[in-house]
1. Give the accessible area for T56 in Å² (nearest 10); use a 1.4 Å probe, count only protein heavy atoms, and leave out ligands, DNA and RNA.
2. Rounded to the nearest 500 deg cm²/dmol, what is the calculated helix-only ellipticity per residue at 222 nm for the chain, with -39500 (n - 2.57) per DSSP H run of length n ≥ 4?
3. What angle, in degrees between 0 and 90 and rounded to the nearest 10, separates the Cα long axis of helix 51-61 from the longest principal axis of the Cα atoms of the chain?
4. Which part of the range 247-284 falls in the paramagnetic zone of H108, meaning amide N under 16 Å from the point 7 Å along Cα-to-beta-carbon?
5. Ranked highest first by average number of other Cβ atoms within 10 Å, how do 140-153, 206-219, 233-246, 74-87 line up?
6. May I ask which of K113/K269; K113/K134; K242/K291; K61/K221; K61/K134; K61/K200 have a Cα-Cα span longer than 23 Å here?
7. How far, in degrees from 0 to 90, does helix 136-159 lean away from the longest principal axis of the Cα atoms of the chain, to the nearest 10?
8. Which length gain, in nm to one decimal place, applies between S313 and S46 when the Cα-Cα distance is subtracted from 0.36 nm times their residue separation?
Amino acid sequence: MDKTIINKFIENLNFELKELNNFLLKYSQSNKANLLSKVSYHIISSGGKRIRPLLTIASCKLFNPNQTTLKKCLDLASAIEFIHNATLLHDDVVDNSNTRRNNITANHIWGNKSSILVGDFLFSQSFKQMIKTKNLDVLQILANTSAEIAEAEVWQLELIGRLDIEFDEYISLISAKTANLFSAACLCSSILANANAKQKEILKNYGLNLGIIFQINDDIKDFFSTFEELGKEPGSDFFENKITLPVIVALKNVNKQDFIVIEKIFNKKNKKIQHFNQLLSLFEKYDIKNKSYKILEKYIQKALTNFDVIPDSKYKSLFIDLILSYQIVKKSQ
């Protein structure tokens, strides 16, 4: 995501963000298990953008909330960030990752068992924060979203190495794994802020499409960016045998001979950098990078559909600028 736009969110929500960080640090600590506190602090303070809770608070601010409502939205924001950080701990174990955000992962420092158990703890803390909103609709949405994330993680394991994944299946997967939490952040906050039905639907769709854009952009960058840009070595999805959008697009566009080449590359048990480079050469031959960005562009347009029903404000401008920043990223590639 564009750092300039994120910084504008942070500037406009500086007070609320400080409150949020205090919540996260307070409710992620343990009086009994020192290791739990260490692992929690490591993942929560590891330099994430806080984009999900920023969206949560900004969605609330769209509707001029009173202090009581804003406090509930801060509780909601901390619940959503706990869910996100729990999934990061679990993801790093599943992917056997050593680095995240240019930092050493918790599982690499303290082991898989600690990371999994602390992830479970953060999930439980998220539900304690949700309850403070005192809204059954919010509880139901976030409970469903949490279940969908867990289900998607297992589903992704089943899809490892499968070259017959269809585009719609890919979108369903990344929606469940990533985009639905963006959607829930925007929707639940608008519920607490008493938005009308149309406004809630628009923010729900905005969050969903933003999450899809976010994941598609990450999947494209994993093939076409440098270590400095990613904070990790490119090609992690390839080496983990994950079939993401660039591969799906390539398989729909290559000739039969090159299709067989891609099959052989992905069927190799010990993939090496030369195999990754071979795949990149095929992507360049068929202009897969630009074809993938054209798909991202469609979701940019979807995200802003009917956004005029949201009241004009500096926060609305930030929402629009955030989506449009992906057009700038796309054109600069």
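1. In the full protein context, T56 sits at about 0 Å².
2. -24000 deg cm²/dmol
3. 40 degrees
4. Within reach of a label on H108: no residues.
5. 74-87, 206-219, 233-246, 140-153
6. K113/K269; K113/K134; K61/K221
7. So the inclination is approximately 20 degrees.
8. My answer for the length gained is 93.0 nm.
The values are calculated or read from the model by the stated rules, or taken from the named source; none is laboratory data. Quick caveat, the model's predicted, so the values are computed rather than measured. Counting neighbours? That spans all protein chains shown, and the Cβs are built from the backbone with ideal geometry, glycine included. Calculation scope for accessible area: heavy atoms of the full protein, side chains included, ligands and nucleic acids excluded. Shrake-Rupley method; radii C 1.70, N 1.55, O 1.52, S 1.80 Å.
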